[in-house]
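Enquirer: Okay, handing you the structure first.
The values are calculated or read from the model by the stated rules, or taken from the named source; none is laboratory data. Predicted model, so just to flag it, every value in this text is computed and none were measured. Cβ: placed from backbone, ideal geometry, glycine included. Neighbour counts: every protein chain shown. Surface accessibility is based on the protein's heavy atoms, side chains included, excluding ligands, DNA and RNA. Shrake-Rupley method; radii C 1.70, N 1.55, O 1.52, S 1.80 Å.
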Amino acid sequence: MVMIGNLQINGIGVLAPLAGITDLPFRLICKELGAALVYTEMISSEGLIRGQRATVDITESVQQERPVAFQIFGSKPDSMAESAMLLADRGADIIDINMGCPVKKVLKSGSGAALLQDLKQAEEILSAVVKASPVPVTVKIRTGWAATDFVAVDYAKMAEAAGAAAVAVHGRYARQMFAGQADWSAIARVKQAVSIPVMGNGDVWTAMDAKRMMDETGCDLVMIGRGALGNPWIFGEVNGLLKNGELPAKPSPEERGRMLVRHLEHVVSRGRELAGVKLMRKHAAWYSRGLRGAAEFRKEINHTEELSVFRDAVTGFFSGPQEAVLQGQPVPLFP
């Protein structure tokens with residue numbers, strides 16, 4: 001059990017925020033399968049304040065997924081503070097500040113990983129959000145802007161002094177994007193430097209990876225992003241291994257297919273059929289990863305626009321003769 005401020009977190013695996021992926025349907029699936037805490041996609045503070053529909057839609061939440069952290073990004077302390085209050089009213093249990101996103105359009109606004117080059121601005125933003133937010137505030141960082149610029153410890157100490165209730169550390173520097181190997185020693189250094197909970201993030205593809213990360217770094221929680229794509233069962237596996245010393249059985253291909261259909265129907269039920277089917281193409285690729293015939297299946301669904309046809313393709317593929325392969329390889333965000 002870990003306390004983030006006054007919020008009790010029961011479990012070990014945390015679903016990381018992933019733009020375009022950790023929407024409500026996916027968060028609910030991960031929660032159902034054992035995620036201790038789930039994070040929304042990044043929410044633009046400016047877009048939220050202006051009431052932009054696409055931004056507001058990201059804030060949809062339900063009781064079943066709680067506790068839920070709403071992640072915001074921006075470069076203006078006042079706007080970030082205002083958006084934190086708005087999100088607390090919408091049901092956020094935690095407000096998380098993104099100081100690690102390396103995507104160009106985020107960097108151009110002085111947000112995300114750009115803040116790793118401006119400690120003073122980062123502190124002003126964090127202090128403003130902590131002061132305004134009625135719920136615990138956390139921050140997600142990377143090790144620094146570049147390989148020669150290790151700032152994770154300085155930022156974690158700053159966050160603790162400014163009132164942050166926890167810090168998540170992705171063991172890569174910003175310019176690295178998702179390439180190479182995550183440096184878990186950076187997570188260990190942050191853990192040794194602060195007393196608030198530390199979440200380790202980066203290259204957790206299996207429950208054994210999660211155990212090794214905790215053993216090597218001493219982190220309090222393990223944040224899982226790409227390792228959960230097509231494999232939301234990883235959260236139950238982490239809990240089983242670290243709590244009971246036992247790994248649950250891997251889901252069968254049929255189980256994967258049933259979950260994919262559930263995921264598909266939930267996504268489509270929330271909006272337009274075509275948009276929902278297109279969104280689910282990438283998830284279907286991830287769910288099918290490691291199964292015989294997956295490449296042909298991906299080609300088929302990538303030309304499918306109707307829900308009934310997509311569902312039939314999924315059912316046919318996953319109910320056929322298959323050989324499941326263990327998860328545990330890096331997942332591209334855009335298969």
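Enquirer: Among the residues of the stretch 68-81, what is the count of those that are assigned to a helix (DSSP H, G or I) and open to solvent by 80 Å² or more (accessible area, probe 1.4 Å)? Full working, then the answer.
Expert: Let us first name the residues in the stretch 68-81 that are assigned to a helix (DSSP H, G or I), namely 77-81.
Then drop every residue that is not open to solvent by 80 Å² or more (accessible area, probe 1.4 Å), which leaves 78.
Total satisfying the criteria: 1.
Enquirer: Sticking with this structure for a sec: Only one residue in Asn244, Asn231 is at pLDDT 95 or above and either at negative phi or open to solvent by 20 Å² or more (accessible area, probe 1.4 Å) (or both). Which one? Walk me through it before giving the result.
Expert: Details: Asn244 fails: at pLDDT 95 or above.
That would be Asn231, the only listed residue that is at pLDDT 95 or above and either at negative phi or open to solvent by 20 Å² or more (accessible area, probe 1.4 Å) (or both).
Enquirer: Suppose the filter is at pLDDT below 95, under 18 Å from the mean Cα position of the chain (by Cα) and closer than 20 Å to Pro25 by Cα; does Leu274 pass it? Write out each step before concluding.
Expert: Values: at pLDDT below 95: yes; under 18 Å from the mean Cα position of the chain (by Cα): no; closer than 20 Å to Pro25 by Cα: yes.
Against the criterion (at pLDDT below 95, under 18 Å from the mean Cα position of the chain (by Cα) and closer than 20 Å to Pro25 by Cα), Leu274 does not qualify.
Enquirer: If a residue has to be assigned to a helix (DSSP H, G or I) and open to solvent by less than 30 Å² (accessible area, probe 1.4 Å) to count, how many in the stretch 262-306 make the cut?
Expert: Step one: list which residues in the stretch 262-306 are assigned to a helix (DSSP H, G or I), which gives 262-269, 273-287, 294-301.
Keeping just the survivors that are open to solvent by less than 30 Å² (accessible area, probe 1.4 Å) gives 263-264, 267-268, 276-277, 280, 283-287, 294, 297, 301.
Residues in the stretch 262-306 being assigned to a helix (DSSP H, G or I) and open to solvent by less than 30 Å² (accessible area, probe 1.4 Å): 15 in total.
Enquirer: Would you check if Glu46 is farther than 17 Å from Lys140 by Cα, modelled with pLDDT of 95 or more and charged (D, E, K, R)?
Expert: Values: farther than 17 Å from Lys140 by Cα: yes; modelled with pLDDT of 95 or more: yes; charged (D, E, K, R): yes.
Judged against the criteria, Glu46 is a match.
Enquirer: Let me ask something else. Mind listing whichever residues of the stretch 82-113 are surrounded by fewer than 21 Cβ atoms within 10 Å (Cβ to Cβ) and either touching a His at 6+ places or on another chain (Cβ under 7 Å) or of a type in the set (Gly, Ala, Ser) (or both)?
Expert: Those that are surrounded by fewer than 21 Cβ atoms within 10 Å (Cβ to Cβ) and either touching a His at 6+ places or on another chain (Cβ under 7 Å) or of a type in the set (Gly, Ala, Ser) (or both): Ala88, Gly91, Ser109, Gly110.
Enquirer: A further question follows. Applying the selection to the stretch 247-261, what residues are in a helix (DSSP H, G or I) and open to solvent by 50 Å² or more (accessible area, probe 1.4 Å)?
Expert: If we filter the stretch 247-261 for residues that are in a helix (DSSP H, G or I), which is where we start, we get 253-261.
Matches in the stretch 247-261: Glu254, Glu255, Arg258.
Enquirer: For the stretch 59-67, does any single residue satisfy the condition of being at pLDDT 95 or above, within 12 Å of the chain's Cα centre (by Cα) and open to solvent by less than 60 Å² (accessible area, probe 1.4 Å)?
Expert: The answer is no, given that none of the residues of the stretch 59-67 is at pLDDT 95 or above, within 12 Å of the chain's Cα centre (by Cα) and open to solvent by less than 60 Å² (accessible area, probe 1.4 Å).
Results for (1) more than 25 Å from Pro67 (Cα to Cα); (2) in contact (Cβ under 8 Å) with a residue 40 or more places away in the chain, shown as yes or no for each residue.
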residue	(1), (2)
Phe150	yes, no
Met158	yes, no
Val167	no, no
Arg172	yes, no
Phe178	yes, yes
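Enquirer: I'm checking my understanding of the structure. Among residues of the stretch 167-194 that are in contact with a helix residue (DSSP H, G or I) (Cβ under 7 Å, 6 or more places away or on another chain) and in a loop (DSSP other than H, G, I, E, B), which one is surrounded by the most Cβ atoms within 10 Å (Cβ to Cβ)?
Expert: Going through the qualifying residues, I end up with Gly171.
Enquirer: Considering only residues of the stretch 125-150 that are of a type in the set (A, V, I, L, M) and open to solvent by less than 10 Å² (accessible area, probe 1.4 Å), which is farthest from Ser45 (Cα to Cα)?
Expert: Residues of the stretch 125-150 of a type in the set (A, V, I, L, M): 125-126, 128-130, 132, 135, 137, 139, 141, 146-147.
Pick out the ones that are also open to solvent by less than 10 Å² (accessible area, probe 1.4 Å) and you get 125-126, 129, 137, 139, 141.
Details: Ile125: 12, Leu126: 13, Val129: 11, Val137: 15, Val139: 15, Ile141: 18 Å.
Restricting to residues being of a type in the set (A, V, I, L, M) and open to solvent by less than 10 Å² (accessible area, probe 1.4 Å), the top hit is Ile141.
Enquirer: Something else about it: Which of the following residues is open to solvent by less than 30 Å² (accessible area, probe 1.4 Å), assigned to a loop (DSSP other than H, G, I, E, B) and touching a helix residue (DSSP H, G or I) at 6+ places or on another chain (Cβ under 8 Å): Val204, Val153? Break it down into steps so the answer makes sense when it comes.
Expert: Details: Val153 fails: assigned to a loop (DSSP other than H, G, I, E, B).
Exactly one of Val204, Val153 is open to solvent by less than 30 Å² (accessible area, probe 1.4 Å), assigned to a loop (DSSP other than H, G, I, E, B) and touching a helix residue (DSSP H, G or I) at 6+ places or on another chain (Cβ under 8 Å), namely Val204.
Enquirer: Can you tell me which of Ala164, Ala122, Ala159 is over 21 Å from Met213 (Cα atoms), open to solvent by less than 10 Å² (accessible area, probe 1.4 Å) and outside any helix (DSSP H, G or I)? Give the derivation first.
Expert: Working: Ala122 fails: outside any helix (DSSP H, G or I); Ala159 fails: outside any helix (DSSP H, G or I).
Checking each option against the conditions leaves just Ala164.
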